[in-house]
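The values are calculated or read from the model by the stated rules, or taken from the named source; none is laboratory data. Owing to the predicted nature of the structure, the values given are computational and were not obtained by experimental measurement. Neighbour counts are summed over all protein chains in view; Cβ atoms, including those assigned to glycine, are modelled from backbone coordinates with ideal geometry.
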Amino acid sequence: MKRIWFTLNGESVSAEVKANTLLVDLLRDHFHLTGTKMGCGYGECGACTVLLDGASVNSCLVLACQVAGREVLTVEGLSGGEGELHPIQKAFVAHGAVQCGVCTPGMVMSAKALLDENPRPGERDAVKGIGGNLCRCTGYKKIVEAVLSVREEEA
Amino acid sequence: MNDFELFEPASVEEAVGLLAGRRGSFVLAGGTDLLVRMKRGELAPENLISLRLVPNLSSIREEGGFLRLGACVTHRAIERSPRVRALFPALADAEESLGSIQVRNLGTIGGNLCNAAPSADTVPPLVAHEAGLRLFGPEGERRVPLEAFFAGPCGTTLKPGELLTEIELPVPPPRTSSAYLKLTRRSCMELPLLGAAVRLSLDPDGTILDGKIALSCAGPVCLRAKKAEALFPGARVEDDFLEALGRAALEEASPRESFRCSAEYRREMIPVLVGRAVRRCRERILQTGGDPA
């Protein structure tokens, strides 16, 4: 076991982890941040997407030890202090971009990474931005509309 | 995943010492291939040597007529480098087509090369640009051309304890461009059914001075179509020439039948992709007016 320190959703935290503990398991089992979903476990589905130093990554393919000293943002870190939803989350609600919901946190985090980088994405950018996230309900159309509406509202 | 010991060395020398001194050690770079193989139970390393804290492996530098990519530069960083886009557009094409953004934020160019998959997207552009590798091992440093690095599917000529530290790309001459085209069934999260990288140099009057062709999924390792390349000097980018070029490249290829794609379809598409890649190179040269820098 090894103790690591890192920044999680803006707060300094520490945890005892094994060498083979994955970031997704640390987030869910130790910090009880179950918004991050474990889907395929092989980096194919994107349900476990979090931002690591601002870049979207599959948390099922990151060893917990490797986030020492770095910043992790999960879907729980998006909303404001009073539990107010982030504009991206509001857009998903407003556009009905949620069906079963399992892909939603990952989709929202990919959308966050996209909009941080490119505040005015076109449709093609939005499609590419969520290319690593599978929606098994195939609700992509509304998800893309939600992402594009954030751009419009902030413009 | 199996239990293992994780080492995070702070220098190349320390990493090589750990790698050479401990049996059952694997290098961990981005982890997007290694951890997947461990989860599937295909590998159970006793030790992982992480390169995360080794300085200078994640930088892109331009010096001495070369663009130098550290082995741990992520696919995403290469994709977003304006210098890569300007000087080695085929590599930028390959990087933006690889996996997903999440995978590209983790996966590294060195990892992609050392896994040596016949379908690796970064290999054909690097071969077409005649990249060289710097390898650091217990006996010091050596350089090898990328083409000499591969030894069959998923095999390399890395010696025990050796580490890939840098990829050296020679800055191309003026009026040169490159392109990588990838045959896929969908636009994300996809390995190529076939990949074709072409690098082309033109005379000011449009005559071809020189060209290189590298194909993935067309043989056990990335295929350099040298007989086809011999047709480039003095030719012009016209239909008849591209047909002959495609046929020549096809004669050198030995694509296999796989569950992802039939050999027949791959053979059918080799001349098509090669021709399209040559045309794209020409368009790019004309767009930049011949001076990519």
query = Given the structure, is A:Ser79 surrounded by fewer than 20 Cβ atoms within 10 Å (Cβ to Cβ) and either in contact with a His (Cβ under 7 Å, 6 or more places away or on another chain) or under 20 Å from A:Lys37 (Cα atoms) (or both)?
reply = yes
request  = Output the residues belonging to region B:92-144 that are in a helix (DSSP H, G or I) and among the charged types (D, E, K, R).
outcome  = B:Asp93, B:Glu95, B:Glu96, B:Arg104
note = B:Val16 meets each of (1) within 20 Å of B:Glu168 (Cα to Cα); (2) outside any strand (DSSP E or B) with one exception, condition (1)
query = Taking interchain pairs and intrachain pairs at least six residues apart, which have beta carbon atoms under 9 angstrom, with the first residue in region A:38-65 and in a strand (DSSP E or B) and the second charged (D, E, K, R) and modelled with pLDDT under 95?
reply = none
query = Hey, does region B:128-146 have a residue that's under 11 Å from the mean Cα position of the chain (by Cα), under 30 Å from A:Ile130 (Cβ atoms), surrounded by 20 or more Cβ atoms within 10 Å (Cβ to Cβ) and not hydrophobic (A, V, I, L, M, F, W, C)?
reply = no
inquiry  = Within region B:195-204, does at least one residue satisfy the condition of being away from chain A (no Cβ under 14 Å), exposed (fewer than 15 other Cβ atoms within 10 Å of the Cβ), free of Cβ contacts under 8 Å to residues at least 24 places away in the same chain and out of contact with any Leu (no Cβ under 7 Å at 6 or more places or on another chain)?
reply    = no
task = Considering only region B:1-37, state which residues are free of Cβ contacts under 8 Å to residues at least 60 places away in the same chain, within 16 Å of A:Gly41 (Cβ to Cβ) and crowded, with 20+ Cβ neighbours inside 10 Å.
result = B:Leu35
request  = Return the residue satisfying two criteria in turn: it lies in region B:205-221 and is on the phi < 0 side of the Ramachandran plot and either charged (D, E, K, R) or within 14 Å of the chain's Cα centre (by Cα) (or both), and of such residues it is surrounded by the fewest Cβ atoms within 10 Å (Cβ to Cβ).
outcome  = B:Asp205
task = Could you check how many residues of region A:113-124 are crowded, with 18+ Cβ neighbours inside 10 Å and free of Cβ contacts under 8 Å to residues at least 60 places away in the same chain?
result = 3
